[in-house]
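Chemist: I have a structure here, written as structure tokens, and I will follow up with some questions on it.
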Amino acid sequence: MNCRNKLFQNQNIMTKSKSKSYIKIGLAVLVLLIILAIYKAKTRPKGEEVYTELVSERNIKELVSASGKIYPQTEVKISSDVSGELVALYIKEGDTVKVGQVLAKIDPDLYQSQLERTEAAVNQSKSQLSNAESAINNAKAQRNQIAAQLENAKKVFKRNEQLHKDGVISDLDFDNSKTSFNSLEANLDAANASVAQAIENSKSAKFGIKSSQASLSEVQKTLRRTLVIAPTSGVISQLNVKKGERVLGTIQMAGTEIMRIANLNIMEVQAEVSENDILKVALGNLAMIIVDAYPDRKFIGKVTEIANSALGGSLPSAGLSTDKITNYIVKIVIDPSSYEDLAKAGRIPFRPGMSASVDLVTKEIEKAICVPIQSVTTREKKHESSKDEKKSSETKKLDDIRTLVLVPSSDTVKYIDVKVGIQDDNYIQITDGTKGVKEVIAGPYSSISRSLEEGKRIQIVTKEALNKSKKSGKSKDVEN
């Protein structure tokens, strides 16, 4: 009995020893497998580091950027109508003036002399008219006198004619009465002619008066033009002359620009827009304006005018060269409500000539499907048939380019063809192609545009980690 117990004890000891050995072997194998897995993980290619961003809905605005300068919407150039020396200047640059206010005075002495001569000519014409009217009265009186004498001579002639027939008077007496009658008839005709001549002289004198009076009115206007009057209210934004200088009038030539009057309450930006963007711009487009003098704030404006002709003109004589950049002037009125705090206490917030940049909102879409703008790239299509290789280079430019986004598929890159819409500075609208796509590769841009091919292995990291890795110089592109 004791022998059997000892035998059982020895068997249990041996069994336990074998179990411990198996456990040790199993643990050793497990440790070895873990070490191999860690080694494989470390030696296995990780792929190119990229970061992703979610496809999202956004309110996106299409912007056209341009730069220009600020000018008053209304600015009037003032020139003198007459030439002469500027003997008085009643304003200085920056002064506020009202319509009808006297701004300057041209030497009036020469025009005053002309006025006096013209007044004398008017008086002379009036005197000639008086003489002509007197001549009419005298001619009429002489005519009446001759007419009375003719009537008497006619009666005498009729009576002598009967007496001559009766033989009472001689032939000589009859002939004398006839001659006297005929002479008075001729005198009456001459008197009528004198009256008509006197009337014509009177009419001529009246025309002379009208002519001299017109000359007098012209000289009076010219004399008044020696005073430069403000045609509108505003601020003297530019003064080009000084007292004592001579100016040229604008009556027959381009005169001297003396000054400018501007309404600084309504200002506009005159921006130069490229020919590539001008067709996107429309009247009424909203504009965000940044003025260099106020770099920390934005002003609101609206497009009020779009030039039809390119800046600098487009005459055929200028040639057909396309080397120069073609720009068009677009005028944007700044909304006064966006700077009313700056205009308090009579302060002028903007000065003519200030530099400004504008972003014109040409189109706006709400809840558009968007991806980062750098996520959209292009690739050439790969053709299999020889027919495709025979395409012209121009056709290939249009047909052989794919517009796509890169999306992560497990640990590799996948191409998704897309159609794009409008874009802003950071995001671009996707109109077709991203159905079912939740995220896209958003960077780095150099990898998206050049090195990432379909099927290439990638490693997704955060943007911050990638930037940090680049700064430390540890980032490496690993080919699959």
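Chemist: Within the range 95-118, which residues are exposed (fewer than 13 other Cβ atoms within 10 Å of the Cβ) and among the small types (Gly, Ala, Ser)?
Modeler: Correct list: GLY100, SER113.
Chemist: In addition: Please determine whether any residue of the range 129-148 is part of a helix (DSSP H, G or I) and of a type in the set (Ser, Thr, Tyr).
Modeler: Yes, the conditions are met somewhere in the range 129-148.
Chemist: Name the residue, out of THR378, THR395, THR434, that is under 37 Å from the mean Cα position of the chain (by Cα), of a type in the set (Ser, Thr, Tyr) and at pLDDT below 90.
Modeler: Exactly one of THR378, THR395, THR434 is under 37 Å from the mean Cα position of the chain (by Cα), of a type in the set (Ser, Thr, Tyr) and at pLDDT below 90, namely THR378.
Chemist: Something else now. For the range 189-200, check the following and say yes or no: at least one residue is in contact with a Phe, Trp or Tyr (Cβ under 8 Å, 6 or more places away or on another chain) and among the small types (Gly, Ala, Ser).
Modeler: Checked against the condition, which is being in contact with a Phe, Trp or Tyr (Cβ under 8 Å, 6 or more places away or on another chain) and among the small types (Gly, Ala, Ser), the range 189-200 yields no hits at all.
Chemist: Select, from MET288, MET267, the only residue that is in contact with a Pro (Cβ under 7 Å, 6 or more places away or on another chain), at pLDDT 90 or above and surrounded by 17 or more Cβ atoms within 10 Å (Cβ to Cβ).
Modeler: MET267
Chemist: Shifting gears a bit: Looking at the range 54-68, is at least one residue out of contact with any His (no Cβ under 8 Å at 6 or more places or on another chain), touching a residue at least 60 places away in the same chain (Cβ under 8 Å) and under 16 Å from ASN263 (Cβ atoms)?
Modeler: No, the range 54-68 contains no residue that is out of contact with any His (no Cβ under 8 Å at 6 or more places or on another chain), touching a residue at least 60 places away in the same chain (Cβ under 8 Å) and under 16 Å from ASN263 (Cβ atoms).
Chemist: Let me ask something additional. What is the residue count in the range 193-237 for residues that are part of a strand (DSSP E or B) and surrounded by 18 or more Cβ atoms within 10 Å (Cβ to Cβ)?
Modeler: Residues that pass the stated criteria total 5.
Chemist: Taking the stated definitions as given, is GLY455 exposed (fewer than 13 other Cβ atoms within 10 Å of the Cβ), at pLDDT 85 or above and assigned to a loop (DSSP other than H, G, I, E, B)?
Modeler: yes
Chemist: Another question, if that's okay. If you scan the range 64-87, which residues turn out to be surrounded by fewer than 20 Cβ atoms within 10 Å (Cβ to Cβ) and over 16 Å from ILE236 (Cα atoms)?
Modeler: Scanning the range 64-87 gives SER65, SER67, LYS69, ASP81, SER83, GLY84, GLU85, VAL87.
Chemist: Additional query: Please give the number of the condition LYS324 fails out of (1) of a type outside the set (S, T, N, Q); (2) within 30 Å of LYS61 (Cα to Cα); (3) at pLDDT 75 or above.
Modeler: Here LYS324 clears every test but (3).
Chemist: Sticking with this structure for a sec: Just one of the numbered conditions (1) in contact with a helix residue (DSSP H, G or I) (Cβ under 8 Å, 6 or more places away or on another chain); (2) farther than 30 Å from VAL281 by Cα is not true of GLU62; which one?
Modeler: Only one criterion is unmet by GLU62, namely (2).
Chemist: Let me ask you something else. Pull up the range 156-171, narrow it to residues that are more than 30 Å from GLN142 (Cβ to Cβ) and assigned to a helix (DSSP H, G or I), then point me to the one that is nearest to the chain's Cα centre (by Cα).
Modeler: Result: GLN162.
Chemist: Quick check on ILE348: is it touching a Leu at 6+ places or on another chain (Cβ under 9 Å), over 15 Å from VAL418 (Cα atoms) and modelled with pLDDT under 85?
Modeler: For ILE348, the condition - touching a Leu at 6+ places or on another chain (Cβ under 9 Å), over 15 Å from VAL418 (Cα atoms) and modelled with pLDDT under 85 - is met.
The values are calculated or read from the model by the stated rules, or taken from the named source; none is laboratory data. Everything numeric in this text was worked out from a predicted model, so none of it was measured. Note: ideal-geometry Cβ built from the backbone for every residue, glycine included; neighbour counts use all protein chains shown.
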